[in-house]
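A.B. asks: Shown below is the structure under consideration.
The values are calculated or read from the model by the stated rules, or taken from the named source; none is laboratory data. The model shown is predicted, which means the values in this text are computed figures rather than measured ones. Quick reminder, even Gly has a Cβ in these numbers, built from the backbone with ideal geometry, and neighbours come from all protein chains shown. Ligands, DNA and RNA are stripped out before the accessible areas are found, and what is left, the full protein with its side chains, is counted by its heavy atoms. Shrake-Rupley method; radii C 1.70, N 1.55, O 1.52, S 1.80 Å.
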Amino acid sequence: LATRDEAVILVPPFQHETIEFINGRANKDYYQQWAWSVAMLAGNITPGNAAFVRGELERIATPALYRKLVSTVNVEIQNIVRDNAIVTFSPREVIYDPELNRFFVTGTQSIGGPGIRRPIDKQMTYELGFTTERLRIYLDSYAIYAGKPMTAETRDQEMEKRAKEAAAAAEAGEG
């Protein structure tokens, strides 16, 4: 007899398509929705919701990510509370890189508040990875940085550029 993998199908209210878990992994669209949600949660912080945001991020982190995430998020939140700042994030795009198995949520971060004359806007990227255990999604990779998404292709281009610059510098030093 041929065996078939068990498929669990969900249709949560925010999702337009069905979500299938096959061999414990959800389809890409579901993880993409999670990436958007995590970026929106982490990217919209005020002194009033800082403890909530920290708690929710800690709750969805894998044990391996937890300690790193707590130290990163705690520093960010302490600065926001200290400066009475308001951080907002407006996502523009969610990209999946199958080579890295990461989702990149890129958009505009704005930092404002009573002590800031004009809000400071810059392009930010959330780089997120997920794992599933017993049909529950966990965040297992979290990075935030200024600029465009550092997909595998972008990283390769950057490494190639650096190698050319190093070769040019070495050549100039010999001459």
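A.B. asks: With P(r) over Cα pairs in 5 Å bins from 0, in percent defined as stated, name the option among [x] 1, 8, 13, 16, 16, 14, 11, 8, 6, 4, 2, 1, 1, 0, 0; [y] 1, 7, 13, 14, 13, 10, 10, 10, 9, 7, 4, 1, 0, 0; [z] 1, 8, 14, 17, 15, 10, 8, 7, 6, 5, 4, 3, 2, 1, 0, 0 computed from the structure displayed.
C.D. replies: So the calculated entry is the one marked [x].
A.B. asks: Order these peptides, 95-101, 40-46, 159-165, 124-130, by their mean beta-carbon neighbour count within 10 angstrom, highest first.
C.D. replies: Values: 95-101: 13.9, 40-46: 19.1, 159-165: 10.0, 124-130: 22.6.
Packing proxy ranking, top to bottom: 124-130, 40-46, 95-101, 159-165.
A.B. asks: Per-residue HN-Hα couplings for segment 135-149, Karplus 6.51 cos²θ - 1.76 cosθ + 1.60 at θ = phi - 60°, whole Hz, x for Gly and Pro?
C.D. replies: 6, 10, 8, 10, 7, 10, 8, 8, 8, 10, 8, 6, x, 7, x
A.B. asks: Quote the relative contact order of the chain in percent (integer), defining contacts as alpha-carbon pairs under 8 Å separated by 6+ residues. It would help to have the intermediate numbers written out before the result.
C.D. replies: On the way: 263 pairs, mean separation 29.8, N = 175.
About 17 percent, as a whole number.
A.B. asks: Which ³J(HN,Hα) values, rounded to whole Hz and listed in residue order, are derived for segment 44-55 from phi using the Karplus coefficients 6.51, -1.76 and 1.60 in 6.51 cos²θ - 1.76 cosθ + 1.60 with θ = phi - 60°, glycine and proline given as x?
C.D. replies: 10, 10, 10, x, x, 10, 4, 5, 4, 4, 4, x
A.B. asks: Could you check how much of the accessible area of segment 53-128 is carbon and sulfur, as a whole percent, using a 1.4 Å probe?
C.D. replies: Numbers: 2190 of 4390 Å².
Carbon with sulfur: 50 percent of the solvent-accessible area.
A.B. asks: Which parts of segment 131-155 would a label at residue 165 reach, counting a residue when its backbone N lies under 14 Å from a point 7 Å out along Cα-to-Cβ?
C.D. replies: Residues passing the 14 Å test: 155.
A.B. asks: Tell me, what HN-Hα J-couplings in whole Hz come from the Karplus equation 6.51 cos²θ - 1.76 cosθ + 1.60 at θ = phi - 60° for each residue of segment 69-84, using x for Gly and Pro?
C.D. replies: In residue order, the calculated couplings are 4, 4, 5, 5, 5, 4, 4, 4, 5, 4, 5, 5, 5, 4, 8, 6 Hz.
A.B. asks: For labels at residue 95 and residue 146 in the simple 7 Å Cα→Cβ model, what's the distance in nm?
C.D. replies: Using points 7 Å along Cα→Cβ, the separation is 1.9 nm.
A.B. asks: Still on this structure, please answer the following. Give me the 1.4 Å probe accessible area per residue for segment 114-175, excluding ligands and nucleic acids, in Å².
C.D. replies: Details: 4410 Å² over 62 residues.
Solvent-accessible surface per residue comes out at 71 Å².
A.B. asks: Using only Cα atoms, locate the centre of segment 19-67 and the centre of segment 130-146, then give the distance between them in Å, rounded to an integer.
C.D. replies: 7 Å
A.B. asks: Another question about this same structure. Around residue 61, which amide H atoms from residues at least 5 apart in sequence, or from another chain, sit under 5 Å from its own amide H, with H modelled in the peptide plane?
C.D. replies: Hits under the 5 Å cutoff: 139.
A.B. asks: Place +1 on the Cβ of every Lys and Arg and -1 on the Cβ of every Asp and Glu in the chain, take the dipole about the Cα centre, and give the residue among 52, 36, 65 whose Cα lies farthest towards its positive end.
C.D. replies: 52
A.B. asks: For a Förster distance of 25 Å, can you work out the FRET efficiency between the beta-carbons of residue 154 and residue 37, rounded to the nearest 0.05? Walk me through the intermediate numbers first.
C.D. replies: Values: r = 24 Å, r/R0 = 0.96.
Approximately 0.55, to the nearest 0.05.
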